[in-house]
Amino acid sequence: MRSGTLPEIELHLTRAPKPKPSGAGLRFGRIFTDHMFIMEYEEGRGWHSPRIVPYQPITLEPSAMVFHYAQTVFEGLKAYRTADGRIRLFRPEMNVKRLNRSCARLSIPPVDERLALEAIRKLVETDSGWVPEEEGTSLYIRPFIIATEPHVGVAPSSSYRFMIILSPVGAYYPEGLKPVSILVETRDVRAVPGGVGEAKTGGNYAASLRAQEEAKKLGCSQVLWLDGIHRRYVEEVGSMNVFFKIGDTVVTPELGGSILDGITRDSVLRLLRHWGVKAEERRIPIDEIREAHRAGMLEEAFGTGTAAVVSPIGELVHAGDRLVIGGGRIGGLTAKLYDTLTGIQYGRLEDPFGWMTDVGGKA
Ligand code: COI
């Protein structure tokens, strides 16, 4: 099912549409829309029976392999409503490609990328009335795959389910655009070279929870991970890639297999280079960040992610020291990146890179 005509995605509409929430005060990822996409995989048959059905609980055997060995991958992207009522997706083809890269790492059979894109488009079109219109809100799209074979032996599953669910969301951080404090984690590590750090798989997030709980106790929203070998080089922040502005140069950790190849990360790098700002992808020792801070050169820091967009970092907590960045206020370049990215996404600005895709459908 790699080329040729796509199988038809059957549409089974709900008879009991739910009340839609007001966009004002929406939290992240708590409410789900009327429909979901689902298809199954069996060995010998491949992916089959793609359909959109009413959002509902699913039934799995307690022995389903996903519960035991975490053979699962996921994605996150958003649909945005423009001022003139159109609904648009941001670089969805990048998410689908990354989904298949994660599948390859987790020994999950790949999905047909055109079918996955059409499933996303058609599901969002079906629930287009759920795309909120208030400033800063969007419809979060969560595609994911789980191993469903009932078997407690360790081996790739012979059956899977691919699903997509939708959630109208506001800001990921309750702080919104207020700069957050981040704890530099020195005990736990998130990933090691050769591991699954660059795959979007649930285990990476489960392993991050202990450090995140500790960070919360210190008043921090997230942790900044250091590399798993030297415990020295900056990797990423909780659910975001990380950037620092040191003097007139922006630096971000290079992709090396242990960090997520973020789509917002890539978009920010492209915007910076388009504006002629020097942007480097390289190894960044935490000592370099501390030294830049001491010398007054650490002007801005921010995280990027689909959920988090561009989130200013106002403080790093490391080895008992609190390093305040940019007076704890959002920096000029961080604000420009946020305004430009969201301007393109919500159709307030030109889309010079052709990043947006219209979904069609009416509100
Ligand atoms: C996203 O930014 O979409 C993510 O997947 C991060 C998530 C853990 C909320």
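The values are calculated or read from the model by the stated rules, or taken from the named source; none is laboratory data. Source: prediction; values computed, not measured. A quick note on method: Cβ atoms are made from the backbone with ideal geometry, for glycine too, and the neighbour counts reach across all protein chains shown.
A few notes on this one:
- Residues that are free of Cβ contacts under 8 Å to residues at least 60 places away in the same chain and in a loop (DSSP other than H, G, I, E, B), drawn from region 194-208: A207, S208
- Counting the residues of region 137-182 that are more than 25 Å from R98 (Cα to Cα) and of a type outside the set (S, T, Y) gives 12.
- Test for S49: is it within 16 Å of the ligand (Cβ to nearest atom) and either part of a loop (DSSP other than H, G, I, E, B) or of a type in the set (G, A, S) (or both): no
Listed here are the residues, each with its yes/no results for (1) within 16 Å of the ligand (Cβ to nearest atom); (2) on the phi > 0 side of the Ramachandran plot; (3) assigned to a loop (DSSP other than H, G, I, E, B).
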position: V111; (1), (2), (3): no, no, yes
position: L115; (1), (2), (3): no, no, no
position: G136; (1), (2), (3): yes, yes, yes
position: L139; (1), (2), (3): yes, no, no
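- Residue check for G129: under 21 Å from the mean Cα position of the chain (by Cα), under 26 Å from R348 (Cα atoms) and surrounded by fewer than 17 Cβ atoms within 10 Å (Cβ to Cβ): no
- Of all residues in region 52-70 being hydroxyl-bearing (S, T, Y) and part of a loop (DSSP other than H, G, I, E, B), the one that is farthest from P156 (Cα to Cα): Y55
- Restricting region 174-188 to residues that are buried (at least 21 other Cβ atoms within 10 Å of the Cβ) and in contact with a Phe, Trp or Tyr (Cβ under 9 Å, 6 or more places away or on another chain), the residue that is farthest from N204 (Cα to Cα): P179
- Qualifying position, being of a type in the set (G, A, S), farther than 24 Å from Y205 by Cα and surrounded by 15 or more Cβ atoms within 10 Å (Cβ to Cβ), among G29, G4, G76, G23: G23
- Within region 228-275, the only residue that satisfies the criterion of being acidic (D, E) and touching a Ser or Thr at 6+ places or on another chain (Cβ under 7 Å) is E235.
The rows are residues; the columns are (1) away from the ligand (no atom under 16 Å from the Cβ); (2) over 28 Å from E288 (Cβ atoms).
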position	(1), (2)
E118	yes, yes
P132	yes, yes
S157	yes, yes
P168	no, yes
V196	no, no
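- Those residues of region 73-92 which are more than 16 Å from the ligand (Cβ to nearest atom) and either at pLDDT 95 or above or not polar (S, T, N, Q) (or both), in sequence order: R81, A83, D84, G85, R86, I87, R88
- Applying the criterion of being over 16 Å from E235 (Cα atoms) and among the hydrophobic types (A, V, I, L, M, F, W, C) to the residues of region 273-288, the residue that is nearest to the chain's Cα centre (by Cα) is A279.
- Among residues of region 291-307 being part of a loop (DSSP other than H, G, I, E, B) and more than 16 Å from the ligand (Cβ to nearest atom), the one that is surrounded by the most Cβ atoms within 10 Å (Cβ to Cβ) is M297.
- Close pairs from region 88-111: first free of Cβ contacts under 8 Å to residues at least 12 places away in the same chain and surrounded by fewer than 21 Cβ atoms within 10 Å (Cβ to Cβ), partner assigned to a loop (DSSP other than H, G, I, E, B) and among the aliphatic types (A, V, I, L, M), Cβ under 9 Å, at least 6 apart: A104/A199
- Residue count for region 174-188, restricted to those that are more than 16 Å from S208 (Cβ to Cβ) and assigned to a strand (DSSP E or B): 1
- Residue within region 203-215 that is surrounded by 17 or more Cβ atoms within 10 Å (Cβ to Cβ), within 22 Å of A104 (Cα to Cα) and within 15 Å of the ligand (Cβ to nearest atom) present: yes
- Checked against (1) under 30 Å from R105 (Cα atoms); (2) modelled with pLDDT under 95, K362 passes all but condition (1).
- Just one of the numbered conditions (1) among the hydroxyl-bearing types (S, T, Y); (2) in the same structural domain as P143 (by TED's automatic domain parsing); (3) not in a strand (DSSP E or B) is not true of Y80: (3).
- Which listed residue is crowded, with 22+ Cβ neighbours inside 10 Å, hydrophobic (A, V, I, L, M, F, W, C) and in a loop (DSSP other than H, G, I, E, B), from A171, A191: A191
- For V310, the criteria (1) in contact with a Gly (Cβ under 8 Å, 6 or more places away or on another chain); (2) part of a loop (DSSP other than H, G, I, E, B) hold in every case but one, which is (2).
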